[in-house]
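The values are calculated or read from the model by the stated rules, or taken from the named source; none is laboratory data. Here the structure is a predicted model, which means the values were calculated and not measured. FYI the Cβ positions are ideal-geometry reconstructions off the backbone, even for glycines, and counts take in every protein chain you see.
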Amino acid sequence: NAGVTQTPKFQVLKTGQSMTLQCAQDMNHEYMSWYRQDPGMGLRLIHYSVGAGITDQGEVPNGYNVSRSTTEDFPLRLLSAAPSQTSVYFCASSYSFGDPPRKLFFGSGTQLSVL
Amino acid sequence: DAKTTQPPSMDCAEGRAANLPCNHSTISGNEYVYWYRQIHSQGPQYIIHGLKNNETNEMASLIITEDRKSSTLILPHATLRDTAVYYCIDPANAGGTSYGKLTFGQGTILTVHP
């Protein structure tokens with residue numbers, strides 16, 4: 001089991017560029033989510049998905065798009081990068097049932113800089 | 001919104017017990033308290049969870065008060081590798097599509113000294 005895999009680990013973008021942060025999990029988890037973490041702050045939920053074909057917004061969704069075509073993958077798209085999106089991004093997954101339901105497994109993160 | 005209150009920072013000597021407190025006075029009756037930690041530059045790591053009884057696993061112990069308004073995470077023999085930010089989490093919603101929808105606050109920065 002690789003767990004939750006995020007790529008790339010580091011990325012530098014120019015303002016206005018688009019890119020996709022990849023997230024994949026091999027644990028057959030129904031639930032997947034994206035968080036961002038800014039210096040000195042806790043994690044903030046961007047988008048989440050409770051299963052293939054189902055996504056919803058979190059606390060800070062503006063500027064980001066997601067889709068969930070398979071159980072394994074949950075990519076995060078930045079349509080037009082802005083300096084305010086400079087952050088560390090974490091993908092997480094969990095079972096949607098079982099004990100405990102909110103035991104999240106996190107990836108190692110993607111550090112994104114937008115110039 | 002469900003909120004928790006934790007001290008911003010704590011120190012502990014290596015080999016001693018680290019006791020991290022958390023107030024979660026608005027937690028609902030059927031909701032677990034979760035603890036995670038984040039070692040520098042890594043993704044958060046699940047530690048333990050509890051409902052009303054004290055819990056222990058290979059990483060830590062969790063003591064929950066009888067009124068469930070507060071809890072204490074105990075690392076019985078802290079090591080330098082336990083230096084991290086520790087998050088106490090009261091899930092915002094119970095059940096349904098909120099599974100996994102955790103809100104992480106500022107947490108407590110635990111520094112373990114030699």
Can you tell me how many residues within the range B:19-48 are in a strand (DSSP E or B) and out of contact with any Asp or Glu (no Cβ under 7 Å at 6 or more places or on another chain)? 13
Does A:Ala82 satisfy the condition of being out of contact with any helix residue (DSSP H, G or I) (no Cβ under 9 Å at 6 or more places or on another chain), surrounded by fewer than 19 Cβ atoms within 10 Å (Cβ to Cβ) and at pLDDT below 95? no
Does the range B:40-48 contain at least one residue that is within 20 Å of A:Gln37 (Cα to Cα) and of a type in the set (Phe, Trp, Tyr)? yes
Could you grab me the full set of residues in the range A:49-85 that are of a type outside the set (Gly, Ala, Ser) and farther than 25 Å from A:Thr15 by Cα? A:Val50, A:Ile54, A:Thr55, A:Asp56, A:Arg68, A:Thr70, A:Thr71, A:Glu72, A:Asp73
One residue from A:Arg68, A:Arg77 being among the basic types (Lys, Arg), more than 8 Å from every other protein chain (Cβ to nearest Cβ) and over 13 Å from A:Leu21 (Cβ atoms): A:Arg68
Any chance you could count how many residues in the range A:24-35 are in a strand (DSSP E or B) and within 11 Å of chain B (Cβ to nearest Cβ)? 4
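To keep it simple, each residue is scored yes or no on (1) among the aliphatic types (A, V, I, L, M); (2) in contact (Cβ under 8 Å) with a residue 60 or more places away in the chain; (3) touching a Gly at 6+ places or on another chain (Cβ under 8 Å).
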{"position": "A:Gly53", "(1), (2), (3)": "no, no, no"}
{"position": "A:Gly58", "(1), (2), (3)": "no, no, no"}
{"position": "A:Tyr89", "(1), (2), (3)": "no, yes, yes"}
{"position": "A:Tyr95", "(1), (2), (3)": "no, yes, no"}
{"position": "A:Leu104", "(1), (2), (3)": "yes, yes, yes"}
{"position": "A:Ser113", "(1), (2), (3)": "no, yes, no"}
Take the residues of the range A:8-23 that are away from every other protein chain (no Cβ under 14 Å) and assigned to a strand (DSSP E or B): which is surrounded by the most Cβ atoms within 10 Å (Cβ to Cβ)? A:Leu13
Working only within the range A:45-60, note down all residues that are in a strand (DSSP E or B) and crowded, with 16+ Cβ neighbours inside 10 Å. A:Leu45, A:Ile46, A:His47, A:Tyr48, A:Ser49, A:Val50, A:Thr55
